[in-house]
Amino acid sequence: MSIPSSFNNSETYLEAASKFLSTYSWIYRTSNTNCLLSIESMPLDLKDYFLSISNEKLNLVPLLQENLGDCPLSLISFRQELNILTPKQIEDVNNSNCKVTQKAKNQKGISAKKMLEIKNLSQHVNDHCAESQVLVDLGAGLGYLSQALFDLKPNYLILGLEADKSRVEKARQRRLSYLPPDAIKSVIYQQHFVNADSSPYINALTTELAKNNGFSEVVTISIIGLHACADLSINAMLLFLKMPKVRCLHIMPCCYHKLELRSHGNGVRDHITNFPLSKALHKSIQKTNQNLFLNRPFLRLACQQTSSHWDRDCTAEAHEEHGYRMYMRALAEAVLNTTEIVKPKKNISFTPKYPITMFKLRSGFQVFSKESSESIEWNSTHEAKFLEFSLKYPNTQGPRLAEALTCLQTAIQKLCENVVLLDRLCYLEEMAASQNIPIKAQYKILLDEKISPRCQVLVAEKCGLKFPGT
């Protein structure tokens, strides 16, 4: 997360980003299973452009530094504005931290990507939290991070908290298999769903952990976490502020689209509990004074692969296949009645074949009743709607425009993620200021985003406070 050099502060950046996202919300405001709604909203000049350009030109569109040559003024404006708003990739990530080494015995079954994440975050935590008495690993999973930290410094006291009981059991089994027998006292795992009110539970367990290892009390705690999913990273921030003994926070957020959705009922629109969070972003939204869709599809896009993963040499066949699958799924959704849902049939391959027929749709998808979940036959109402779309997007047009939409989504992904992460940082700073807790907070990049798209760790430290025993 960073604020591009064209902006003086978070507020001016978020205001500009909000205006841009409001203007181009048609790109992301619906899920891709409903992408026909977005395609319908695509300006005509962009439709004409994407239906006519070569595969080589298509591959360049999300790469904002590349010159497209002759293209619509609206696309030029879109890319220029986006280029100003999008933080540039940090190129100075230590390459030695991005190399996969031979797997040790205790790393069987771990992907190369996961190994690098564990290695880099554990080294980062060890570099910054060596003076902490207890490390609290939120979302500890199978215990990979805590075990890597034990290897770096065997006298760490580590409490791993994990909501999934089966993962807790596996973490305990791995501890017995790969760590010394004494580690059963210093590295412990407990099942617990962490929320903003978990501080009494954490205090009790860390106190017990300290006493079992010869300490009369807990002096300092660091909260850590590798890929803190959904609301967990926000709860970690709140615990960091709420718990006096917590000195620092090192957590890698991910899975933004899984944030809790609060339902109000009575026709009131559902909203995401923990987004937006900050006063800065709320103020920017109010100033925009337009429809700004910061919804679940926006969050899903924010946690997709970055433009670094976009294949500038992607073949026309690969684009066609992806666009075809995406369009067929959206077409099946678009012809439904409001009381129906549709699911792809199993073991059906969507090989591009034209013209797209109702027979092809029936062969690939099954309709169900929302109320009873019973299967429903395709009928004349579906066929009439299908005919409308077939006339509007004949031959290859539908799949090509679906792939064009993917291309535009890839272009704005990094901006979307930057807004999400900056909102959290602003919120943390605002909350700390309101509680008179001096902190330093920033995001640091631990890995090349080509290897690990969610490569940023939120680092926060309380400043100028006297901790007991220090």
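The values are calculated or read from the model by the stated rules, or taken from the named source; none is laboratory data. All values derive from a computational prediction rather than experimental measurement. When we count neighbours, we look across all protein chains shown, and the Cβ atoms used for this are built from the backbone with ideal geometry, even at glycine.
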Quiz item: Of GLU430, GLU383, GLU388, which residue is without any contact (Cβ under 8 Å) to a residue 60 or more places away in the chain, in contact with a helix residue (DSSP H, G or I) (Cβ under 7 Å, 6 or more places away or on another chain) and among the acidic types (Asp, Glu)?
Solution: GLU383
Quiz item: Any idea which of (1) surrounded by fewer than 19 Cβ atoms within 10 Å (Cβ to Cβ); (2) within 30 Å of ALA130 (Cα to Cα) is the one CYS426 doesn't satisfy?
Solution: (1)
Quiz prompt | Single residue of the range 427-466 satisfying the filter (of a type in the set (Gly, Ala, Ser) and modelled with pLDDT under 85) that is nearest to ASN120 (Cα to Cα) | solution = SER452
Quiz item: Is it fair to say ILE356 is among the aliphatic types (A, V, I, L, M), part of a loop (DSSP other than H, G, I, E, B) and either modelled with pLDDT of 95 or more or out of contact with any Lys or Arg (no Cβ under 6 Å at 6 or more places or on another chain) (or both)?
Solution: yes
Exercise. Please find, among GLN173, GLN123, GLN147, the residue that is of a type outside the set (A, V, I, L, M), out of contact with any helix residue (DSSP H, G or I) (no Cβ under 8 Å at 6 or more places or on another chain) and either more than 22 Å from LEU241 (Cβ to Cβ) or at pLDDT below 95 (or both).
Key: GLN173
Quiz item: Checking LYS113 against (1) assigned to a helix (DSSP H, G or I); (2) over 23 Å from GLU449 (Cβ atoms); (3) not polar (S, T, N, Q), which test does it fail?
Solution: (2)
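Test LYS245 against the stated conditions and say whether it is within 19 Å of SER132 (Cβ to Cβ), touching a residue at least 60 places away in the same chain (Cβ under 8 Å) and of a type in the set (D, E, K, R).
Yes, satisfied.
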Quiz item: Name the residues in the range 326-381 that are surrounded by 18 or more Cβ atoms within 10 Å (Cβ to Cβ), out of contact with any strand residue (DSSP E or B) (no Cβ under 9 Å at 6 or more places or on another chain) and of a type outside the set (A, V, I, L, M), would you?
Solution: TYR327
Quiz item: In the range 250-268, is there at least one residue being in contact with a Phe, Trp or Tyr (Cβ under 9 Å, 6 or more places away or on another chain), surrounded by fewer than 22 Cβ atoms within 10 Å (Cβ to Cβ), not in a loop (DSSP other than H, G, I, E, B) and not β-branched (Val, Ile, Thr)?
Solution: yes
Quiz prompt | Search result, residues across the range 199-225 that are modelled with pLDDT of 95 or more, under 19 Å from GLU461 (Cβ atoms) and touching a strand residue (DSSP E or B) at 6+ places or on another chain (Cβ under 8 Å) | solution = ILE202, THR206, THR220, ILE221, SER222, ILE223, ILE224, GLY225
Self-check item: Test set (1) more than 18 Å from GLN133 (Cα to Cα); (2) among the aromatic types (Phe, Trp, Tyr); (3) touching an Asp or Glu at 6+ places or on another chain (Cβ under 8 Å) - TYR189 fails condition number
Solution: (1)
Self-check item: Members of the range 303-317 that are assigned to a loop (DSSP other than H, G, I, E, B) and surrounded by 11 or more Cβ atoms within 10 Å (Cβ to Cβ)
Solution: CYS303, GLN304, GLN305, THR306, TRP310, ARG312, CYS314, THR315
Self-check item: Flag for GLU403 being within 30 Å of PHE20 (Cα to Cα) and of a type in the set (Asp, Glu)
Solution: yes
Quiz item: Counting only residues that are of a type in the set (S, T, N, Q) and touching a Pro at 6+ places or on another chain (Cβ under 9 Å), which one in the range 200-257 is farthest from GLN442 (Cα to Cα)?
Solution: THR220
